[in-house]
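See below for the structure under consideration.
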Amino acid sequence: EDLQNKNTKAEGYKGAQNLLAIAGLDLDFLQTGERRIVENRVDKLNKNVTTNFQEFWRQKIGKTNKIAIEFELKHHAQDQGEKAGKPYLVFWIKDGEEKLYPKQRSKGVRWFTSFYLQLKASSLDENKYGQVFLIDEPGGSLHARAQEDVLKVFEEIKSEVQVVYTTHSPFLIKLETIFRLLAVQRADNEDDKSETLVFDAHKLGAASSDTLSPI
């Protein structure tokens, strides 16, 4: 009902909307389709979404377990008053046999999952043209290798939506595409109100050593 009524304040609303967009599922099918057919379709889509997600998130839990994204269509029990019999979605982030709710996962896993869902869904949006994503420090909650996974997502969607991000991390800068880089600093480090200077790749020699330290 939250998705149907566009209740954007509902917990997990945006993540659910994005995952359904990536899976190519509409609410009418989930609500009116024959239950066995719906369950089979959801099972297949879980595998497809997870396969795509794992192309970007290369990290493992323990020695072998990779993360999987799963969702299930369930129905409220008959003792749930007005909700009785109505459908709802449950989401899991799974590793091996262990299923946990997203909020039970680490901050890094939660960040990357929501980040992936948002950008992937936006790249499939019919109204994507003209969209620009501005992202501040996308690697903030991630270790070095996971930050490199962020770059893979950017590379995947760059032809569909434009992404501009800020970073102090060397793991989020590809030297072979340094022509995309802009170095930004204050004109006077001692004055917080001084003007902002921007140097493109051809003028990086004019930037300070602090500004260039990630490179």
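Values as computed for the structure displayed
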{"quantity": "Extreme residue, positive dipole direction of the stretch 86-215, given options Val198, His143, Val184 (C-beta unit charges)", "calculated": "His143"}
{"quantity": "Listed residues Gln78, Gln147, Gln104, most fluctuating in the chain (Gaussian network, C-alpha, under 10 Å)", "calculated": "Gln78"}
{"quantity": "Amide H partners (placed H, <5 Å) of Val163, local residues excluded", "calculated": "Phe133"}
{"quantity": "Positive-pole candidate from Ser208, Tyr13, Ser159, dipole of the chain, charges at beta carbon", "calculated": "Tyr13"}
{"quantity": "Using alpha-carbon coordinates, inclination of helix 35-56 to the longest axis of the chain, degrees", "calculated": "20 degrees"}
{"quantity": "Cα pair distances in the stretch 105-182, grouped into 5 Å bins until the bin that holds the longest one, percent each", "calculated": "3, 15, 26, 27, 17, 10, 2, 0"}
{"quantity": "Alpha-carbon Debye profile of the stretch 1-126, log10 I(q)/I(0) at 0.13 Å⁻¹", "calculated": "-0.56"}
{"quantity": "Residue-normalised accessible area of the chain, expressed per residue, 1.4 Å probe, Å²", "calculated": "63 Å²"}
{"quantity": "Pairs from Lys66/Lys103; Lys99/Lys120; Lys66/Lys152; Lys47/Lys74; Lys158/Lys203; Lys107/Lys174 whose Cα-Cα separation, in the structure shown, is over 21 Å", "calculated": "Lys99/Lys120; Lys158/Lys203; Lys107/Lys174"}
{"quantity": "DSSP bridge pairs, the stretch 50-196: antiparallel proportion in percent, nearest 5", "calculated": "75 percent"}
{"quantity": "Relative contact order of the stretch 7-95, pairs being alpha-carbon contacts under 8 Å that are 6 or more residues apart, as %", "calculated": "20 percent"}
{"quantity": "Cα-based convex hull, the chain, per residue volume (Å³, whole number)", "calculated": "177 Å³"}
{"quantity": "With Cα atoms, 0 to 90° folded angle of helix 107-124 axis to the chain main axis", "calculated": "80 degrees"}
{"quantity": "Helix-only [θ]222 nm of the chain, DSSP H runs n ≥ 4, -39500 (n - 2.57) each, per residue, nearest 500", "calculated": "-11000 deg cm²/dmol"}
{"quantity": "Positive minus negative residues near Leu27 (Lys, Arg vs Asp, Glu; Cβ under 14 Å)", "calculated": "-1"}
{"quantity": "Solution diffusion estimate, µm²/s, Stokes-Einstein, the stretch 152-215, Kirkwood Rh from C-alpha pairs, 10 °C, viscosity 1.306 mPa s", "calculated": "120 µm²/s"}
{"quantity": "Solvent-accessible area, 1.4 Å probe, carbon plus sulfur percent, for the chain", "calculated": "48 percent"}
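The values are calculated or read from the model by the stated rules, or taken from the named source; none is laboratory data. What you see is a predicted model, and the numbers here were worked out from it, not measured in a lab. Every residue, glycine among them, receives a Cβ derived from its backbone with ideal geometry; neighbour counts consider all protein chains shown. Just so you know, the surface numbers come from the protein's heavy atoms only, side chains and all, with ligands and any DNA or RNA stripped out. Shrake-Rupley method; radii C 1.70, N 1.55, O 1.52, S 1.80 Å.
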